[in-house]
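Working notes, structure below.
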Amino acid sequence: MATDPTKMKFATKAIHAGVAPDPSTGAIMTPVFQTSTYVQEKVGAHKGFEYSRTGNPTRQALEQNIAALENGTYGLCFGSGMAATDAVIKLLSPGDEVVSTSDLYGGTYRLYTKIFAKYGIKFHFVGMESPEKVAEYINEHTKLIWVESPTNPMLNIIDIAGMAALARQHNCLLAVDNTFATPYLQNPLDLGADMVMHSVTKYLGGHSDVVMGALVCNDQALAEKLYFIQNSSGAVCGPMDSFLVLRGIKTLHLRMQRHCENGRAIAGFLQDHPAVNRVYWPGIASHPNHELAKTQMRDFGGMMSFTLKEDNLEAAMQVVERVKIFSLAESLGGVESLIGHPASMTHASIPKAEREKTGVVDSLIRLSVGVEDAGDLIADLAQALG
Ligand SMILES: *Cc1c(COP(=O)(O)O)cnc(C)c1O
């Protein structure tokens, strides 16, 4: 049996929660249970596992580990972040409505508008500056509020506790996409959210080698509905990927410390650079949500965006093509630094007029600052902006 994770600090949980030496061999690392089925002594007499879509010991160890990191009771892992979000929306029925932040991961917008809208679920995309503004879109059909904070790619901060109070008041659920913050920086369940969603692909995996998603919640009835959807729809992750993420999470706290340090150094450098117009990083005192960020986050992470004084596509393309240590790629949260151009990459599926309303202009560049040497990263950006 693993030790009680609720009594552990974050770093201890990252390494020990959900995992225990293998009872049959003493192996300290959770084995990769690469099996689809489990032998039963007689009908119904099994050791808790029957079929790996329903449950797999490697996946279960990871699910318990991620649940503990989010100070939650129930964890579920999926084949991708989108599969996790898909499971949340499958809680709903035709006629139900969702109020979602408008400053949203592009794939989530696509899932809502191109897949679930045709099943009769209605989505409102709203700038979530305040609970009052969100309240205007809530009616008797509203079943879910969907928050992403910090948002992608504008790094806006949404008041999670405020949205949780609003959701309670209107008897609907609050789900928070906590991918950017990670449980190291922010715990939405502690702020009153009902569900936390992660693209595990990003910081939790941390090494750009796995695509995976996760959900965490505290309510047993809600967890049972989600497990039913996970098992029925079947978008589970495999045991090898579960093993890799368990390994990645063991250094989550160390990586996040460095992501935050490097993020601070690079945000400072960009702010002072003559070619840069604006830097979007919640740790900057002039960031419009800096005070709010300080109340719900422990530090500010390694994700940031910036615009150029020369606000056009060509100028942005030059920067993203000139960098040498930063790699031009989608995704984020790995140990290596990435650079991206949201308007033509992650947010290409959002219409131009729609994306520009939220600030995704042509010169916007997004950085996922990795854990390399900060001086090397700054020198790379300096030559690319030069
Ligand atoms: C990547 C990402 C997703 C989607 O996750 P996948 O693992 O790619 O399916 C959702 N939300 C955010 C904020 C993301 O960065």
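The values are calculated or read from the model by the stated rules, or taken from the named source; none is laboratory data. Computed from a prediction, not measured in an experiment: that's the story for all the values here. Here Cβ is always computed from backbone atoms with ideal geometry, including for glycine, and neighbour counts include all displayed protein chains.
Based on what the data block shows, is Phe228 in the same structural domain as Pro188 (by TED's automatic domain parsing), more than 15 Å from the ligand (Cβ to nearest atom) and either acidic (Asp, Glu) or out of contact with any helix residue (DSSP H, G or I) (no Cβ under 7 Å at 6 or more places or on another chain) (or both)? Taking the combined requirement at face value, the residue satisfies it. Within segment 63-70, not a single residue is part of a helix (DSSP H, G or I), of a type in the set (S, T, N, Q) and within 16 Å of the ligand (Cβ to nearest atom).
Contact annotation: residue pairs with Cβ atoms under 6 Å, 6 or more positions apart or on different chains, pairing a residue in segment 123-148 that is within 16 Å of the ligand (Cβ to nearest atom) with a partner that is part of a loop (DSSP other than H, G, I, E, B) and among the small types (Gly, Ala, Ser), are Phe125/Ser102. Annotation for segment 309-317: no member residue is within 16 Å of the ligand (Cβ to nearest atom) and outside any helix (DSSP H, G or I). The condition of being away from the ligand (no atom under 16 Å from the Cβ), in contact with a strand residue (DSSP E or B) (Cβ under 9 Å, 6 or more places away or on another chain), of a type outside the set (Asp, Glu) and closer than 25 Å to Ser305 by Cβ does not hold for Gly162. Considering Met317, Met303, the condition of being closer than 20 Å to Glu356 by Cβ and among the aliphatic types (A, V, I, L, M) is satisfied by Met317 alone. The strands (runs of 3 or more DSSP E) found wholly in segment 82-190 and carrying at least 1 residues that are more than 30 Å from Leu252 (Cβ to Cβ) occupy 97-101, 122-126, 142-148.
For segment 191-219, a residue qualifies if it is surrounded by fewer than 24 Cβ atoms within 10 Å (Cβ to Cβ), of a type outside the set (D, E, K, R) and either part of a helix (DSSP H, G or I) or without any contact (Cβ under 8 Å) to a residue 60 or more places away in the chain (or both), and the qualifying residues are Leu191, Gly192, Val210. Taking Val335 as the residue in question, decide whether it is of a type in the set (Val, Ile, Thr) and either at pLDDT below 95 or assigned to a helix (DSSP H, G or I) (or both). Considered against the rule, which asks whether it is of a type in the set (Val, Ile, Thr) and either at pLDDT below 95 or assigned to a helix (DSSP H, G or I) (or both), Val335 comes out as no. Any residue that is over 16 Å from Asn262 (Cβ atoms) and touching a strand residue (DSSP E or B) at 6+ places or on another chain (Cβ under 9 Å) - is there at least one of those in segment 366-383? The answer is no; no qualifying residue exists.
Taking the listed residues Asp96, Asp86, the one that is modelled with pLDDT of 95 or more, within 24 Å of Pro342 (Cα to Cα) and crowded, with 16+ Cβ neighbours inside 10 Å is Asp86, with no other qualifying. Out of segment 32-58, which residues are part of a loop (DSSP other than H, G, I, E, B) and either within 24 Å of the chain's Cα centre (by Cα) or in contact (Cβ under 8 Å) with a residue 60 or more places away in the chain (or both)? Matches in segment 32-58: Val32, Phe33, Gln34, Thr35, Ser52, Arg53, Thr54, Gly55, Asn56. Within segment 81-105, the residues that satisfy the criterion of being within 21 Å of the chain's Cα centre (by Cα) and either more than 9 Å from the ligand (Cβ to nearest atom) or among the basic types (Lys, Arg) (or both) are Asp86, Ala87, Val88, Ile89, Lys90, Leu91, Val98, Val99, Ser100, Thr101, Ser102, Asp103.
Being closer than 20 Å to Lys225 by Cα and of a type in the set (A, V, I, L, M, F, W, C) is a description that applies to Leu91.
Within segment 350-386, being more than 22 Å from Val126 (Cα to Cα), of a type in the set (D, E, K, R) and surrounded by fewer than 14 Cβ atoms within 10 Å (Cβ to Cβ) holds for Asp373, Asp376. Just one of the listed residues (Glu321, Glu356) is without any contact (Cβ under 8 Å) to a residue 12 or more places away in the chain, in contact with a helix residue (DSSP H, G or I) (Cβ under 9 Å, 6 or more places away or on another chain) and away from the ligand (no atom under 16 Å from the Cβ), and it is Glu321.
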